[in-house]
Amino acid sequence: MGLFTELKDSISRATDRLFTEQEPKRIGIYGPPNAGKTTLANRIARDWTGDAIGTESHVPHETRRARRKENVEIERNGKTVTIDIVDTPGVTTKVDYEEFTDEMDKEDAIRRSREATEGVAEAMHWLREDVDGVIYVLDSAEDPITQVNTMLIGIIESRDLPVLIFANKIDLDESSVKRIEDAFPQHKTVPLSAKEGDNMDEVYDNIAEYFG
Amino acid sequence: MPQATDAEDGDGPSDGVQIDLISGERMEGMATMEKIRMILDGVHDGNIVILEEGLTPDEESRLIEVTMAEISPDEFNGIEIETYPKSDAGDSSLIGRIMGSESSDAKLTVIGPANQIETLHKDETLISALVSHN
Ligand SMILES: Nc1nc2c(ncn2[C@@H]2O[C@H](COP(=O)(O)OP(=O)(O)OP(=O)(O)O)[C@@H](O)[C@H]2O)c(=O)[nH]1
Ligand SMILES: [Mg+2]
């Protein structure tokens, strides 16, 4: 293709976009460490784009940089909703490298905790500046009423961001979706298992409805 | 049990735990970063900081961010934080009486060093900070 046609093409693509589509909304996936944020982000990305976003691990603070997957097109009832997904590091108010020394040597544990603290700071920054909506992921086998969850939900509410609460890990015996619904009755809670892929239809219906 | 001690300086191990009670009035004129600095300076000294009026969500988000930047292996592991809504901490509560506060919408907030506090236990009308003994 000649330079001129190429240029013309890209200009018309850009203007098309300007006038017909809005910029994809940036949806931040937030929540405490180990809730299953990356597992969810990977499932969404795999279902709609074919590739993954990041690594999942039973060791907390696996994700230590926010990672974005752009232009994820989700089809619901004949309509297409395009979002950017941002998988963020799990938020906490404390990090102790000794938590990781069972899994790795001291030097690596210290490096992991340093990266984790930078990652949490980065996640907070994204929340204040760069996201248009939030999926808040909780491990439904754990008590949802923690200071971090209450504080983060408060921060999200104060920014008037649309938020969905995902009660993850419903495949576990100890899972209780009701405990999450009761803790945050002001928000919609969607049960799922990101790992097993349970209830993903309802997940996508809600993403389309809230963030479309 | 924690006890409020006089503001003896935080150097050297002491038997008691220093609690900094900070009135809403004192916080009023302060910029966000001044508040955060005051809180974290207290926590770095091993104190438990109690804010009569709490923080705004935006200030909480910056507190988390600055806390993260100050975590350092074997020195500072971060903070524990607990808030008590007004209804739980009205005038009849212990802290309400200590502070002599009238009711306001603000929430009482307790912040302490994570490595010293095993649990900032939440109770209907009473805050008890269980400090680890070592
Ligand atoms: N049983 C069960 N396990 C899950 C589910 N989703 C995630 N997990 C597991 O939970 C652990 C943490 O998953 P991640 O996706 O890495 O969690 P994260 O929230 O991204 O964690 P950080 O990046 O450390 O904040 C892994 O061992 C996952 O396999 C689920 O639906 N059910
Ligand atoms: Mg992750």
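The values are calculated or read from the model by the stated rules, or taken from the named source; none is laboratory data. Here the structure is a predicted model, which means the values were calculated and not measured. FYI the Cβ positions are ideal-geometry reconstructions off the backbone, even for glycines, and counts take in every protein chain you see. Heavy atoms of the whole protein, side chains included, go into the accessibility calculation; ligands, DNA and RNA do not. Shrake-Rupley method; radii C 1.70, N 1.55, O 1.52, S 1.80 Å.
Look at the stretch B:60-90 and say how many of its residues are at pLDDT 95 or above and either more than 13 Å from chain A (Cβ to nearest Cβ) or more than 16 Å from B:ASN115 (Cβ to Cβ) (or both). Number satisfying all stated conditions: 8.
Please find, among A:GLU174, A:GLU157, the residue that is within 13 Å of ligand 1 (Cβ to nearest atom) and surrounded by fewer than 22 Cβ atoms within 10 Å (Cβ to Cβ). Spell out the reasoning first.
Details: A:GLU157 fails: within 13 Å of ligand 1 (Cβ to nearest atom).
Step by step, each of A:GLU174, A:GLU157 is checked, and only A:GLU174 is within 13 Å of ligand 1 (Cβ to nearest atom) and surrounded by fewer than 22 Cβ atoms within 10 Å (Cβ to Cβ).
Just one of the listed residues (A:VAL131, A:VAL137) is not in a loop (DSSP other than H, G, I, E, B) and not hydroxyl-bearing (Ser, Thr, Tyr), and it is A:VAL137. Of A:ASP47, A:ASP87, all but one fail to be of a type in the set (Asp, Glu) and more than 10 Å from the chain's Cα centre (by Cα); the exception is A:ASP47.
For the stretch A:64-90, a residue qualifies if it is open to solvent by 60 Å² or more (accessible area, probe 1.4 Å), in contact with a strand residue (DSSP E or B) (Cβ under 6 Å, 6 or more places away or on another chain) and under 25 Å from A:ARG114 (Cα atoms), and the qualifying residues are A:ARG67, A:ARG68.
Residues in the stretch A:123-143 that are facing chain B (nearest Cβ under 9 Å) and open to solvent by 10 Å² or more (accessible area, probe 1.4 Å): A:HIS125, A:ARG128. State which residue is least open to solvent (accessible area, probe 1.4 Å) when the search covers only the stretch A:91-122 and only residues that are closer than 30 Å to A:GLU209 by Cα and not in a helix (DSSP H, G or I). Going through the qualifying residues, I end up with A:VAL91.
Taken over the stretch B:30-58, the criterion of being at pLDDT 90 or above, more than 20 Å from B:ASN115 (Cβ to Cβ), open to solvent by 30 Å² or more (accessible area, probe 1.4 Å) and part of a loop (DSSP other than H, G, I, E, B) is satisfied by B:MET30, B:ALA31, B:THR56. Looking across the stretch A:38-63, the residues that are near ligand 1 (Cβ under 10 Å from one of its atoms) and open to solvent by less than 50 Å² (accessible area, probe 1.4 Å) come down to A:THR38, A:THR39, A:LEU40, A:ALA41, A:ASN42, A:ILE53, A:GLY54, A:SER57, A:VAL59, A:PRO60, A:HIS61, A:THR63.
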